[in-house]
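Note sheet for the following structure.
The values are calculated or read from the model by the stated rules, or taken from the named source; none is laboratory data. All values reported here derive from a predicted model rather than from experimental measurement. No Cβ is skipped: glycine too gets one built from the backbone with ideal geometry, and neighbour counts run over all protein chains shown.
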Amino acid sequence: MLKTFFSLLVCLAAFSLVCFALFLFYSENRKLFSIASLNRETNPEESAGPTGRPGKSLDPCADVPPNLQGVLQVEFRTNRTLQDVRNHVGPFLQQGGRYRPTSCRAKQKVAVIIPFRNRYEHLTHWLYYLHPVLMRQQLDYGVYVINQDGDGVFNRAKLMNIGFVEALKEYDYDCFVFSDVDLVPIDDRNLYRCSDHPRHLSVAVDKFNFILPYATIFGGVSALSEQQFLKVNGFSNTFWGWGGEDDDMSQRISYRRMFISRPDSVTGRYKMIKHKRDSHNDPNPRRIQKLRETYSNMDKDGLNSLNYTVREIRKDLLYTFVTVDVQADVDPDVSVSEFNQSKSQFKTSRTKNVSNLVSPAIHNSKAL
Ligand code: UDP
Ligand code: MN
């Protein structure tokens, strides 16, 4: 009798030991699982992608994003297509090239603005490299490609002003990163965020042997908060053709008693895609003289005098593509015969598009 009772007790003890072991195993696994899923969420490469808006209850993202890789391998000599890029990063994006982290509340809402015309190959590389970087940087961001319609003289700065206005119509962005389409960072610690002062990000470009060409440079990639951009009245709208508009912005910043902030020359490294000078974007012969007039012009030439027409807004998974008429002049470099030719085409096509009659952009008629 005593023997049976004793063996029952042993059985019971063994059973509870097994139960205890099972309990331990289960709870440990759960902990492991939840850590794994947290890691997955903070790593956009593995994340299930953003669905819906993040709850107000999410903790703010860390000051230093936890999944940065540092130096990156960047290669442009490939036959990359937009569809490759969509396959690569598409699952993490929302239409219009929008993303926000799902595991924390982003520190800033960033609109990335790209002035653009006819650089599709560059855009493909840019999207391929930048989307994963911006995701790892845990930004709540959107990519806006501002495409100048027609083939009048190019106006980079005006396109960037338009990007600022159009992006704000869509979302409550607080930071604006203006990026050339051919500049790709080769270090993801270079955060595409705004800081206390306007920030110049492309400080060490391979084209310039990775050194800052001059102290006040502000071209390439730069970041301004909404307040900073408003304080300088945005960019000038009157720099037609290549050059000057970035130095004009640099002067606006100093006239408004702000400084240029920069990453260090290791973090701020960039690769520029090699290209020839585009047509209808020759160096602006007036740029030196115009830079003497920044101080007197900046209050009347900028966001408060911006004039343009949106021709189309197209949402791709990878970007928002805004095609705009910037009321460009005919390219003065166009030869007389080419000019006369487009004028006659203009005459024959005027019935197709009445708006051309009031537009000085006779060049646009070539596209009809
Ligand atoms: N750009 C463009 N199409 C053009 C001219 C310029 O898309 O026909 C845009 C593009 O984003 C480019 C930027 O304007 O990166 C600056 O022009 P560019 O690359 O010629 O200047 P640079 O190489 O001298 O900095
Ligand atoms: Mn370039």
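So Gly97 ticks every box in (1) more than 16 Å from ligand 1 (Cβ to nearest atom); (2) touching a His at 6+ places or on another chain (Cβ under 9 Å); (3) on the phi > 0 side of the Ramachandran plot but one. Which box is left unticked?
The single condition Gly97 does not satisfy is (1).
Considering only the range 297-315, I want to know if a residue exists there that is modelled with pLDDT of 95 or more and within 12 Å of ligand 1 (Cβ to nearest atom).
No, the range 297-315 contains no residue that is modelled with pLDDT of 95 or more and within 12 Å of ligand 1 (Cβ to nearest atom).
Suppose we keep only residues that are away from ligand 2 (no atom under 16 Å from the Cβ) and in contact with a strand residue (DSSP E or B) (Cβ under 7 Å, 6 or more places away or on another chain) within the range 152-169. Which one would you say is nearest to Ile114 (Cα to Cα)? First the steps, then the outcome.
Residues of the range 152-169 that are away from ligand 2 (no atom under 16 Å from the Cβ), as a first pass: 152-153, 158, 161-169.
Filter again for in contact with a strand residue (DSSP E or B) (Cβ under 7 Å, 6 or more places away or on another chain), leaving 162-164, 166-167.
Numbers: Ile162: 11, Gly163: 8, Phe164: 10, Glu166: 12, Ala167: 12 Å.
Restricting to residues being away from ligand 2 (no atom under 16 Å from the Cβ) and in contact with a strand residue (DSSP E or B) (Cβ under 7 Å, 6 or more places away or on another chain), the top hit is Gly163.
For Ser342, state whether it is exposed (fewer than 11 other Cβ atoms within 10 Å of the Cβ), more than 16 Å from ligand 1 (Cβ to nearest atom) and either at pLDDT 95 or above or not in a loop (DSSP other than H, G, I, E, B) (or both).
No; evaluated as a whole, the condition is false for this residue.
Restrict the check to the range 254-276 and report whether at least one residue is assigned by TED's automatic domain parsing to the domain that holds Tyr173, within 15 Å of ligand 1 (Cβ to nearest atom) and on the phi > 0 side of the Ramachandran plot. Outline the logic, then answer.
Step one: filter the range 254-276 for residues assigned by TED's automatic domain parsing to the domain that holds Tyr173, giving 254-276.
Subsequent filtering for residues that are within 15 Å of ligand 1 (Cβ to nearest atom) retains 270-276.
Of the ones still in play, those that are also on the phi > 0 side of the Ramachandran plot are none.
No, because not a single residue in the range 254-276 is assigned by TED's automatic domain parsing to the domain that holds Tyr173, within 15 Å of ligand 1 (Cβ to nearest atom) and on the phi > 0 side of the Ramachandran plot.
Filtering the range 265-274 down to residues that are outside any loop (DSSP other than H, G, I, E, B) and out of contact with any Ser or Thr (no Cβ under 7 Å at 6 or more places or on another chain), which residue is surrounded by the fewest Cβ atoms within 10 Å (Cβ to Cβ)?
In this case the residue turns out to be Met272.
Is there a residue in the range 143-157 that is away from ligand 1 (no atom under 16 Å from the Cβ), surrounded by fewer than 22 Cβ atoms within 10 Å (Cβ to Cβ) and within 27 Å of Ile313 (Cα to Cα)?
Checked the range 143-157: no residue is away from ligand 1 (no atom under 16 Å from the Cβ), surrounded by fewer than 22 Cβ atoms within 10 Å (Cβ to Cβ) and within 27 Å of Ile313 (Cα to Cα).
Just the residues that are part of a helix (DSSP H, G or I) and among the basic types (Lys, Arg), please, taken from the range 236-264.
Arg252
Any residue at all in the range 48-61 that's at pLDDT 95 or above and basic (Lys, Arg)?
No, there is no match, as no residue in the range 48-61 is at pLDDT 95 or above and basic (Lys, Arg).
Can you report the number of residues in the range 201-234 which are within 12 Å of Ser179 (Cβ to Cβ), within 16 Å of ligand 2 (Cβ to nearest atom) and not polar (S, T, N, Q)?
Adding up the residues that qualify gives 4.
Does the range 242-253 hold any residues that are out of contact with any helix residue (DSSP H, G or I) (no Cβ under 7 Å at 6 or more places or on another chain) and within 13 Å of ligand 1 (Cβ to nearest atom), and which are they?
Trp242, Asp246
List the number of the failed condition for Gly241; all other conditions in (1) within 16 Å of ligand 2 (Cβ to nearest atom); (2) under 17 Å from Lys207 (Cβ atoms) hold.
The number of the failed condition is (2).
Give me a count of the residues in the range 179-234 that are assigned to a loop (DSSP other than H, G, I, E, B) and in contact (Cβ under 8 Å) with a residue 24 or more places away in the chain.
29
Looking at the range 240-262, which of its residues are closer than 16 Å to Asp180 by Cα and not acidic (Asp, Glu)?
Once the filter is applied, which keeps residues that are closer than 16 Å to Asp180 by Cα and not acidic (Asp, Glu), the range 240-262 yields Gly241, Trp242, Gly243, Gly244, Met249.
Are any residues in the range 169-188 under 14 Å from the mean Cα position of the chain (by Cα) and charged (D, E, K, R), and if so, which ones?
Correct list: Asp174, Asp180, Asp182, Asp188.
Can you tell me which residue within the range 302-326, out of those that are free of Cβ contacts under 8 Å to residues at least 60 places away in the same chain and not hydroxyl-bearing (Ser, Thr, Tyr), is surrounded by the fewest Cβ atoms within 10 Å (Cβ to Cβ)?
Glu312
Against the definition (without any contact (Cβ under 8 Å) to a residue 40 or more places away in the chain, over 21 Å from Phe208 (Cβ atoms), of a type in the set (Ser, Thr, Tyr) and away from ligand 2 (no atom under 16 Å from the Cβ)), how does Ser296 come out, yes or no?
On the way: without any contact (Cβ under 8 Å) to a residue 40 or more places away in the chain: yes; over 21 Å from Phe208 (Cβ atoms): yes; of a type in the set (Ser, Thr, Tyr): yes; away from ligand 2 (no atom under 16 Å from the Cβ): yes.
When the stated conditions are applied, Ser296 passes them.
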